[in-house]
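Heads up, the thing below is written out as structure tokens.
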Amino acid sequence: MKKRKQNQSAQIDAQRRRERRRMRRQDFAQSLCFLSPSLLGVGVFFIIPFGVVVYYSLIDGVGSKNFIGIQNFVRLFQNSAFLMAARNTLHFSVIAVPLAVVLAIVLALMLEARIPMKSQFRTFFLSPMMVPVASVVLIWQVLFNYNGTINEFLMLFGTDKIDWLQSDYCQWVVMILFLWKNLGYNMILFMAGLANIPKELLEVADVEGASETYKFFEIKLRYLSPTVLFVTILSLINSFKVFREVYLLSGDYPYEKLYMLQHFMNNTFRSLDYQKLSAAAVVMAVVMVVLIALLFKVEDWFGKDVEG
Amino acid sequence: MRKKRYFSRGVMFLLCLVFAVLFLLPTVLTITNSFMSEAEIKANYGMIFDTTTGGYVSKTVNLKFIPDKVTLSQYITGLIKSPDYLLKLWNSILLVVPIVLLQVAVASVAAYSFTRWRGKIRSGIFFFYVILMLMPYQVTLVPNYLVSSWLGILNTRWSIILPGMFAPFSVFLLTKFMRRIPYSLIEAAKVDGAGEWDIFTKICLPECRSALYSIAILVFIDYWNMVEQPLILLQDADAQPLSVFLSQINKGEIGLAFAMATVYMIPSLLLFLHGEEYLVEGIANSGSVKG
């Protein structure tokens, strides 16, 4: 009798398990149905070709099956143009990205303080997103040309003219352009982050007489840390995108300091050196993934006590 | 104490004002300069851009906001006399509109899948999408080119539309919006016997209507100003969008460039002014990579 009951309950259990497994399989199938268009496209347009790029970076010529290991990479790192482009890009990003983060926080904090015309300011700061690249480039030329407006202005103070795009100042010209274009977007992200900070916390701090600096560093910044992470990554990517403007400002072979990774990629692309190109793409992808992972780690460590 | 606060607020306001003027400057310049005649443009910026001789060319550059004489001549040249610009504008539309619609369509289905079912594999895939989204164009350029040449779509619009259609950005953003739909809503529909497709079309999509709109605006603005992709994938000049053509405009036709840039700005400007709240919400929600 008892045994039969046991048997029965075991049977029911098994049935339930089967049912659950069936459900899970059905769920999986359904989720795959919804995901498949996107997955298929991503596979065809990004994953498979990137696999081929990795493959190209390891062989000694398109069509050959000769694996030469890391030789293409060695060649790449001995290439002076690549090294220069990498150095310039690094130099640019190391300065531009932190500026893009810090200035955006400052803007967001300013708009957070109750000043008049807040929403108008927000619109104004976002407006650079709309301006076509071409007219940005035209205006930058008018401003920073040797005979341009900025130099005219400098001459009023008796300073010498600067050849902005043909001197070591050139990265600053591009940096200003980069900041002008991206600060608004970053600022919105920080404003959203600031709005998520629990109000009670700041009220308590006010009651206890905490200073503005304390409130900023000990409360706001901690809650903003995921946003800081994201804006950093985003600005990093956008700092690569600034090539578009650099290219239009100064052509294929600009002043040495402005020769960025994209110039290298573009020029290599034109000479159809797939091995070099693939190796460079793989190096960039690896660097990006490492950087992103690193930023995640930093954020984990920095914001661990406010999450969860 | 209170006085001090008013003072600091005043300083902040002034600072914002300065920033705002600097930020608006290029936009305003583009628009006002588009109403100048070619002669006036030459007189102001001839120093930099003029390649021809003759006529009055000033020795210095004159940054000028208000035209001496407002004229529509640049617009007439660009829009009526030479069909080239209109053709390129049409090209832009033919590229960007399908990208926006298709990307949002593909993304909404995928986002539903990421929202509705979770598991190790799927969160792995999602994370992969995030990484892919964060890859700079320099990395995806070569793969893009390779696929286009395999599929034989190089130098056709599809070489830009198809990769754009599957760009993971919208999937990422839309998933974050959809995850905010209360689960009880979906559960209730399920109890009522609705299938997944019904839940998707009758509950999910209407619930994130504003999200769809904000993503569409973001994607539109991004692709409307693209330059690199068409330069490499669309070598046929007749098929290139106005964004590329504008950037290659003859140095002697600066006035025309300003006018056409203004025309080109109109769609994004309208979208922006009409949907600023949505746009801001869209940006704000792209704000963290996790969760």
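The values are calculated or read from the model by the stated rules, or taken from the named source; none is laboratory data. This structure is a prediction, so every number in the text was calculated from the model and none was measured. For neighbour counting, all protein chains shown are included, and Cβ atoms are generated from backbone atoms with ideal geometry for every residue, glycine included.
If I ask for residues that are crowded, with 21+ Cβ neighbours inside 10 Å and either of a type in the set (Val, Ile, Thr) or within 8 Å of another protein chain (Cβ to nearest Cβ) (or both), which ones from region B:148-160 would you list?
Once the filter is applied, which keeps residues that are crowded, with 21+ Cβ neighbours inside 10 Å and either of a type in the set (Val, Ile, Thr) or within 8 Å of another protein chain (Cβ to nearest Cβ) (or both), region B:148-160 yields only B:160.
Is it the case that residue A:165 is at pLDDT 85 or above and not β-branched (Val, Ile, Thr)?
Spelling it out, it is not the case that residue A:165 is at pLDDT 85 or above and not β-branched (Val, Ile, Thr).
For region A:207-220, which residues satisfy the criterion of being exposed (fewer than 12 other Cβ atoms within 10 Å of the Cβ) and at pLDDT 85 or above?
Passing the criteria: A:207, A:208.
Being under 20 Å from the mean Cα position of the chain (by Cα) and in the same structural domain as residue A:216 (by TED's automatic domain parsing), is that true of even one residue in region A:135-157?
No, every residue in region A:135-157 fails to be under 20 Å from the mean Cα position of the chain (by Cα) and in the same structural domain as residue A:216 (by TED's automatic domain parsing).
Kindly list, by first and then second residue, each pair from a residue in region B:94-106 that is within 13 Å of chain A (Cβ to nearest Cβ) and under 16 Å from residue B:201 (Cα atoms) to a residue that is of a type in the set (S, T, N, Q) and in a helix (DSSP H, G or I), limited to pairs with Cβ atoms under 9 Å and residues at least 6 apart or on different chains.
Between residues of region B:94-106 that are within 13 Å of chain A (Cβ to nearest Cβ) and under 16 Å from residue B:201 (Cα atoms) and residues that are of a type in the set (S, T, N, Q) and in a helix (DSSP H, G or I), the close pairs are B:104/B:170; B:106/A:38; B:106/B:170.
Working carefully through the options A:168, A:160, find the one that is exposed (fewer than 15 other Cβ atoms within 10 Å of the Cβ) and touching a residue at least 12 places away in the same chain (Cβ under 8 Å).
Being exposed (fewer than 15 other Cβ atoms within 10 Å of the Cβ) and touching a residue at least 12 places away in the same chain (Cβ under 8 Å) holds for just one of A:168, A:160, which is A:168.
State all residues of region A:30-41 that are among the hydroxyl-bearing types (Ser, Thr, Tyr) and either in the same structural domain as residue A:282 (by TED's automatic domain parsing) or surrounded by fewer than 18 Cβ atoms within 10 Å (Cβ to Cβ) (or both); if no residue qualifies, say none.
Answer for region A:30-41, where residues must be among the hydroxyl-bearing types (Ser, Thr, Tyr) and either in the same structural domain as residue A:282 (by TED's automatic domain parsing) or surrounded by fewer than 18 Cβ atoms within 10 Å (Cβ to Cβ) (or both): just A:36.
Let's see how each residue does on (1) small (Gly, Ala, Ser); (2) under 28 Å from residue A:262 (Cα atoms); (3) outside the structural domain of residue B:227 (by TED's automatic domain parsing); (4) under 22 Å from the mean Cα position of the chain (by Cα):
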| position | (1), (2), (3), (4) |
| --- | --- |
| B:103 | no, yes, no, yes |
| B:109 | no, no, no, no |
| B:113 | yes, no, no, no |
| B:119 | yes, no, no, no |
| B:123 | yes, no, no, no |
| B:135 | no, yes, no, yes |
| B:140 | no, yes, no, yes |
| B:143 | no, yes, no, no |
| B:148 | yes, yes, no, no |
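Which residue out of B:189, B:261, B:216 is at the interface with chain A (Cβ under 9 Å from one of its Cβ atoms), part of a helix (DSSP H, G or I) and crowded, with 16+ Cβ neighbours inside 10 Å?
B:261
Among the listed residues B:234, B:270, B:212, which satisfies the condition of being among the hydrophobic types (A, V, I, L, M, F, W, C) and under 20 Å from residue B:24 (Cβ atoms)?
The conditions single out B:270.
Quick check: is even one residue across region A:121-139 buried (at least 21 other Cβ atoms within 10 Å of the Cβ), among the β-branched types (Val, Ile, Thr), within 11 Å of chain B (Cβ to nearest Cβ) and free of Cβ contacts under 8 Å to residues at least 12 places away in the same chain?
Yes; the residues of region A:121-139 include at least one that is buried (at least 21 other Cβ atoms within 10 Å of the Cβ), among the β-branched types (Val, Ile, Thr), within 11 Å of chain B (Cβ to nearest Cβ) and free of Cβ contacts under 8 Å to residues at least 12 places away in the same chain.
Scan region A:42-72 for residues that are in a helix (DSSP H, G or I), crowded, with 19+ Cβ neighbours inside 10 Å and touching a residue at least 60 places away in the same chain (Cβ under 8 Å) and jot them down.
Answer for region A:42-72, where residues must be in a helix (DSSP H, G or I), crowded, with 19+ Cβ neighbours inside 10 Å and touching a residue at least 60 places away in the same chain (Cβ under 8 Å): A:50, A:53, A:56, A:72.
Of all the residues that make up region A:93-132, how many are out of contact with any Leu (no Cβ under 7 Å at 6 or more places or on another chain) and part of a loop (DSSP other than H, G, I, E, B)?
Final tally of qualifying residues: 6.
Using the structure shown, decide if residue B:203 is away from every other protein chain (no Cβ under 11 Å), part of a helix (DSSP H, G or I) and touching a Lys or Arg at 6+ places or on another chain (Cβ under 8 Å).
no
Assess whether residue B:271 counts as being in a helix (DSSP H, G or I), more than 10 Å from every other protein chain (Cβ to nearest Cβ) and touching a helix residue (DSSP H, G or I) at 6+ places or on another chain (Cβ under 8 Å).
Criteria not met by residue B:271.
Of all residues in region B:10-33, how many are in contact (Cβ under 8 Å) with a residue 60 or more places away in the chain and among the β-branched types (Val, Ile, Thr)?
The qualifying residues number 3.
Go through (1) in contact with a strand residue (DSSP E or B) (Cβ under 9 Å, 6 or more places away or on another chain); (2) of a type in the set (A, V, I, L, M, F, W, C); (3) over 30 Å from residue B:136 (Cβ atoms) one by one and return the number of the condition residue A:68 breaks.
(3)
Could you please let me know if residue B:249 is farther than 23 Å from residue B:126 by Cβ, surrounded by fewer than 22 Cβ atoms within 10 Å (Cβ to Cβ) and either of a type outside the set (Gly, Ala, Ser) or facing chain A (nearest Cβ under 9 Å) (or both)?
It is true that residue B:249 is farther than 23 Å from residue B:126 by Cβ, surrounded by fewer than 22 Cβ atoms within 10 Å (Cβ to Cβ) and either of a type outside the set (Gly, Ala, Ser) or facing chain A (nearest Cβ under 9 Å) (or both).
Within region A:6-13, identify whether any single residue is within 14 Å of chain B (Cβ to nearest Cβ) and out of contact with any His (no Cβ under 7 Å at 6 or more places or on another chain), and answer yes or no.
no
What are the residues in region B:86-143 that are out of contact with any helix residue (DSSP H, G or I) (no Cβ under 8 Å at 6 or more places or on another chain), assigned to a helix (DSSP H, G or I) and of a type outside the set (A, V, I, L, M, F, W, C), if any?
Correct list: B:120, B:123, B:124.
When you scan region A:79-92, do you find a residue that is free of Cβ contacts under 8 Å to residues at least 24 places away in the same chain, part of a helix (DSSP H, G or I) and within 14 Å of chain B (Cβ to nearest Cβ), even just one?
The answer is yes; a qualifying residue exists.
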